[in-house]
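The values are calculated or read from the model by the stated rules, or taken from the named source; none is laboratory data. The model shown is predicted, which means the values in this text are computed figures rather than measured ones. Counting neighbours? That spans all protein chains shown, and the Cβs are built from the backbone with ideal geometry, glycine included.
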Amino acid sequence: MYITGGYSRETIVANAVPLPLAGWENFYIIVGSSGAALIGLQFVVLALIAETRFQSSPESLSAFGTPTIVHFAGAFLISVIMSAPWYTLGSVGVALAVSGVVGVGYVAVVIRRARGQTAYKPVMEDIIWHMVLPLLSYASLLVAALLLPSHVRGSLFTIAGAALLLLFIGIHNAWDTVTYIVVEGTRNANQGDAKGAPAGEHDE
């Protein structure tokens, strides 16, 4: 047993994390590890784009592809912050508030990019999952971070919900991108085969 400043090492470690955060350790281990692992999913999506006939542009990728990685990373970052050995809830709130501000600003940039690109016209589902829900998640994180020192329980559940929502947003958007690429790639391939077929072949 090591003694530092009159306190045992076990006492210092036990007091390093405020009690309200200690109960969330397993939750953030699951969310954080899932977010980190699922970042690789988006690299699979990009590899799929490169290997198919699907035509994309840097503008559309920055509007609909890159944000997915950012949201996975956001869930991972929240988990890291909530798992760090903070001494005060105020410090946790500051770190989360900064993350929330950055997230809200990034979603604003994504919305501008989505409106500016011409390769793909967003439908209502895209607006909800790529714009509305990410903005709601980061804004909720920001509000909860500011209220954390005074409204601990409610803020902790809101922060957890924001992290989980970012995870689900990333999963949905990655899967939606894959299915869109597969459908469009198959359609383009069929159209190309039809155009290249000899005359009269389709009359049989």
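For the reader, a short list of remarks on this structure follows.
- Wholly enclosed helices (runs of 4 or more DSSP H) of segment 85-168 bearing at least 1 residues over 17 Å from Gly23 (Cβ atoms), touching a Ser or Thr at 6+ places or on another chain (Cβ under 8 Å) and not acidic (Asp, Glu): 89-116, 133-147
- Some residue of segment 72-80 being aromatic (Phe, Trp, Tyr) and at pLDDT 90 or above: yes
- Any hit, segment 166-173, residues being under 22 Å from the mean Cα position of the chain (by Cα), surrounded by 16 or more Cβ atoms within 10 Å (Cβ to Cβ) and either modelled with pLDDT under 90 or of a type in the set (Gly, Ala, Ser) (or both): yes
- Flag if Ile78 is β-branched (Val, Ile, Thr), touching a residue at least 24 places away in the same chain (Cβ under 8 Å) and under 22 Å from Phe157 (Cβ atoms): yes
- Checking each residue in segment 85-124 for being of a type in the set (Gly, Ala, Ser) and more than 21 Å from Glu25 (Cα to Cα) picks out Gly103, Gly105, Ala108, Ala114, Gly116, Ala119.
- Residue count for segment 47-64 under the criterion of being surrounded by 15 or more Cβ atoms within 10 Å (Cβ to Cβ) and at pLDDT below 80: the result is 10.
- Residue in segment 127-143 that is modelled with pLDDT under 90 and out of contact with any His (no Cβ under 9 Å at 6 or more places or on another chain) present: no
- Look at segment 145-158: where a residue is at pLDDT 95 or above and buried (at least 18 other Cβ atoms within 10 Å of the Cβ) and a partner is among the aromatic types (Phe, Trp, Tyr) and part of a loop (DSSP other than H, G, I, E, B), sitting 6+ places away or on another chain with Cβ atoms under 8 Å, you get Leu156/Trp24.
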